[in-house]
Each structure stands twice: as C-alpha cells, then as structure tokens.
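*Asks:* Just dropping this structure here.
The values are calculated or read from the model by the stated rules, or taken from the named source; none is laboratory data. For clarity, every value in this text was computed on a predicted model and none was experimentally measured. Cβ: placed from backbone, ideal geometry, glycine included. Neighbour counts: every protein chain shown.
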Amino acid sequence: MDSTTGLMGHFITFEGTEGCGKTTQIIRAAAHLQQRGFTIVPTREPGGCELANRIRAILLDPNSRHMVPSTELLLYAAARAQHIDEVIRPALQQGKIVLCDRFCDATLAYQGYGRQLPLDAIHWLNHFACGDIVPHLTLWLDLPLNLGLERAQERNASQQLENEQRFEQESLNFHQRVQNGYEQLRQQHPRRIQRISAEGSVDQVAHSIATCLDRYFSKV
Ligand SMILES: Nc1ncnc2c1ncn2[C@@H]1O[C@H](COP(=O)(O)OP(=O)(O)OP(=O)(O)O)[C@@H](O)[C@H]1O
Ligand SMILES: [Mg+2]
C-alpha cells in the first residue's frame with residue numbers, strides 16, 4: 001500500500017518522444033504482468049475516458065494549430081482531472097496496476113520544456129488535477145529523435161492516423177527541447193524515472209522493460 005495515499009495498486013507510466021514505442025510496449029508490459037497474475041488497467045493520456053477522449057480529439061487535431069500554449073496546457077489538465085477521477089484512482093483503490101501511456105511528465109516535457117511555459121505553473125496544475133496521485137514508476141523510452149519521427153511517420157502512413165499528427169508537425173528544435181526535458185526530469189527523479197533504451201527491436205525493448213518491472217515488483 002502507498003504510505004502517502006493509502007491506495008493499494010501500482011501506477012506505472014510510459015513516457016518518451018513521438019514514435020519511441022510507448023503504445024507498442026504497454027501492450028507487451030501488460031501481457032508480462034498479466035502472466036505474473038496481476039490485474040492490469042491499460043490507459044492513455046490525453047484521454048482514458050469518454051470525456052477526456054473528446055478533449056484529446058481537440059488537442060491532437062491538426063486544425064487546432066492556432067491553439068495558444070496556455071489553452072493547450074489547461075486542456076491537458078482538464079482531461080487529466082477527469083481521467084484520474086474516473087479511471088486511475090478507482091483502479092488503484094481496487095489494488096490494480098495502472099499502465100498509462102503518457103502522464104504528468106509529458107506535460108512538463110512538451111508544454112514546459114517544449115513550449116517553454118513556466119514549469120512552476122505546470123507543477124501546480126499537475127498537482128491540482130491529480131491530488132495525491134503520483135506514478136510509482138515511470139519508464140522513459142529514450143530514442144534518438146530522427147528514429148522516432150521516422151517510425152511515427154511510417155505508422156501514420158500505414159494506419160491513416162492523419163487526425164493525430166499535430167505534435168509530429170512541430171519543428172526539430174521543439175522535439176529536441178522535449179527530449180532534453182525528459183533527461184532533466186530523469187535527473188530530478190532518478191528513482192522514479194527509469195531510462196530504457198528504445199533503439200533495439202520490439203523484443204529487446206520489451207525484455208528491458210520486463211526486467212525493470214520485475215525489479216520494481218521484487219521490492220514492493
Ligand atoms: N523497437 C522497435 N523497432 C522498430 N519499430 C518499432 C519499435 N517499437 C515500435 N515500433 C514501430 O514504430 C511505430 C511507433 O511505435 P508506437 O506507436 O508504439 O510509438 P509511440 O511512442 O506510442 O508513438 P506516439 O508518441 O506517436 O504515440 C509503430 O509503427 C511501431 O510498430
Ligand atoms: Mg502512442
């Protein structure tokens with residue numbers, strides 16, 4: 001049980017820049033943990049519930065490119081508050097393991113380091129949206145930017161995901177600031193945020209993640 005929240009479950013987040021393999025690896029990690037007998041709730045941000053998915057559609061739509069950074073930040077926070085209340089907190093109360101594709105670190109990396117909005121305002125909003133809930137473990141899938149953007153572009157072409165490409169259309173400088181932001185966050189939270197090299201094959205990365213998860217669960 002978490003000594004600060006009294007919640008029984010475990011909250012694990014997956015982070016990293018576009019195309020690094022978060023969605024692919026969450027599926028593998030869920031299968032690994034299910035085999036070990038855990039009950040898994042896979043989810044994602046922005047989104048994770050019906051209302052937050054409607055906010056997601058606004059956030060990721062290329063037609064929203066005139067959205068100002070502060071609106072973007074507030075929409076992420078609004079979606080997160082709903083997601084925490086409807087999905088994450090109830091699952092943790094029931095002792096489940098929540099695997100979330102992006103969370104508060106993504107807002108710090110993208111809207112803070114990437115868009116250069118004030119980090120203290122983002123910390124405050126994250127706390128306002130989440131209350132006492134903080135991930136127990138965060139897996140940062142670290143991949144050189146060019147490889148991730150290539151992977152994401154190939155995927156979007158084959159899956160016709162043209163409605164979710166707003167961030168992929170940002171400049172390379174923006175993505176570099178985001179990547180640097182994740183490194184800064186790792187240095188600030190060296191126990192919670194574990195860096196996983198995402199350069200290998202899907203199987204190799206899945207193996208590194210399974211090792212990290214097994215180490216985490218051997219200590220709790
Ligand atoms: N280790 C890997 N090697 C090669 N290709 C990969 C690897 N992992 C994922 N891919 C492929 O790269 C593309 C992007 O992967 P995925 O969608 O899982 O990334 P993501 O981090 O969720 O991206 P986004 O941030 O855009 O949601 C997919 O087509 C996926 O099949
Ligand atoms: Mg994804």
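*Asks:* Which one of A152, A210 is closer than 29 Å to A78 by Cβ, buried (at least 17 other Cβ atoms within 10 Å of the Cβ) and within 16 Å of ligand 1 (Cβ to nearest atom)?
*Replies:* Result: A152 is the single residue among A152, A210 that is closer than 29 Å to A78 by Cβ, buried (at least 17 other Cβ atoms within 10 Å of the Cβ) and within 16 Å of ligand 1 (Cβ to nearest atom).
*Asks:* Taking the conditions exactly as written (among the small types (G, A, S) and in contact with a helix residue (DSSP H, G or I) (Cβ under 7 Å, 6 or more places away or on another chain)), does G114 satisfy them or not?
*Replies:* Values: among the small types (G, A, S): yes; in contact with a helix residue (DSSP H, G or I) (Cβ under 7 Å, 6 or more places away or on another chain): yes.
Considered against the rule, which asks whether it is among the small types (G, A, S) and in contact with a helix residue (DSSP H, G or I) (Cβ under 7 Å, 6 or more places away or on another chain), G114 comes out as yes.
*Asks:* Same structure again: Restricting to region 55-103, what's the tally of residues that are in contact (Cβ under 8 Å) with a residue 60 or more places away in the chain, within 16 Å of ligand 1 (Cβ to nearest atom) and part of a helix (DSSP H, G or I)?
*Replies:* First, the residues of region 55-103 that are in contact (Cβ under 8 Å) with a residue 60 or more places away in the chain: 57, 59-62, 64-65, 88-89, 91-103.
Pick out the ones that are also within 16 Å of ligand 1 (Cβ to nearest atom) and you get 57, 59-62, 99-103.
Retained after the next criterion (residues that are part of a helix (DSSP H, G or I)): 57, 59-60, 62.
Total meeting the criteria: 4.
*Asks:* In addition: Restricted to region 18-47, and to residues that are touching a Phe, Trp or Tyr at 6+ places or on another chain (Cβ under 7 Å) and near ligand 1 (Cβ under 9 Å from one of its atoms), which residue is nearest to W140 (Cα to Cα)? Quick ask: steps written out before the conclusion?
*Replies:* Our first condition is that a residue be touching a Phe, Trp or Tyr at 6+ places or on another chain (Cβ under 7 Å); within region 18-47, this holds for 18, 22, 25-26, 45-46.
Next, from what is left, pick out any that are near ligand 1 (Cβ under 9 Å from one of its atoms): 18, 22, 25-26.
Values: E18: 12, K22: 9, Q25: 11, I26: 12 Å.
Only one residue tops the list, namely K22.
*Asks:* Something else now. In the set D203, D142, which member is at pLDDT 95 or above and exposed (fewer than 15 other Cβ atoms within 10 Å of the Cβ)? Walk me through how you get there before you give the answer.
*Replies:* Working: D142 fails: exposed (fewer than 15 other Cβ atoms within 10 Å of the Cβ).
Step by step, each of D203, D142 is checked, and only D203 is at pLDDT 95 or above and exposed (fewer than 15 other Cβ atoms within 10 Å of the Cβ).
*Asks:* On the given criteria, is R166 of a type in the set (K, R), within 12 Å of ligand 1 (Cβ to nearest atom) and either surrounded by 14 or more Cβ atoms within 10 Å (Cβ to Cβ) or at pLDDT below 95 (or both)?
*Replies:* Spelling it out, R166 is indeed of a type in the set (K, R), within 12 Å of ligand 1 (Cβ to nearest atom) and either surrounded by 14 or more Cβ atoms within 10 Å (Cβ to Cβ) or at pLDDT below 95 (or both).
*Asks:* When you scan region 103-135, how many residues do you find that are under 20 Å from E168 (Cα atoms) and surrounded by fewer than 22 Cβ atoms within 10 Å (Cβ to Cβ)?
*Replies:* Our first condition is that a residue be under 20 Å from E168 (Cα atoms); within region 103-135, this holds for 103-117.
Imposing the further condition that a residue be surrounded by fewer than 22 Cβ atoms within 10 Å (Cβ to Cβ) reduces the set to 115-117.
Final tally of qualifying residues: 3.
*Asks:* When you go through E183, E150 one by one, which is the residue that is in contact (Cβ under 8 Å) with a residue 60 or more places away in the chain, of a type in the set (D, E, K, R) and part of a helix (DSSP H, G or I)? Break it down into steps so the answer makes sense when it comes.
*Replies:* Numbers: E183 fails: in contact (Cβ under 8 Å) with a residue 60 or more places away in the chain.
Answer to the selection: E150.
*Asks:* When region 94-135 is examined, which residues are found to be farther than 23 Å from R177 by Cα and among the small types (G, A, S)?
*Replies:* Those that are farther than 23 Å from R177 by Cα and among the small types (G, A, S): G95, A129, G131.
*Asks:* Here is a further query. Take region 104-145 and flag every residue that is within 12 Å of the chain's Cα centre (by Cα) and part of a strand (DSSP E or B). So that I can check it myself, show each step before the final result.
*Replies:* Initial filter on region 104-145 (within 12 Å of the chain's Cα centre (by Cα)): 104-110, 135, 137-141.
Within region 104-145, L137, T138, L139, W140, L141 qualify.
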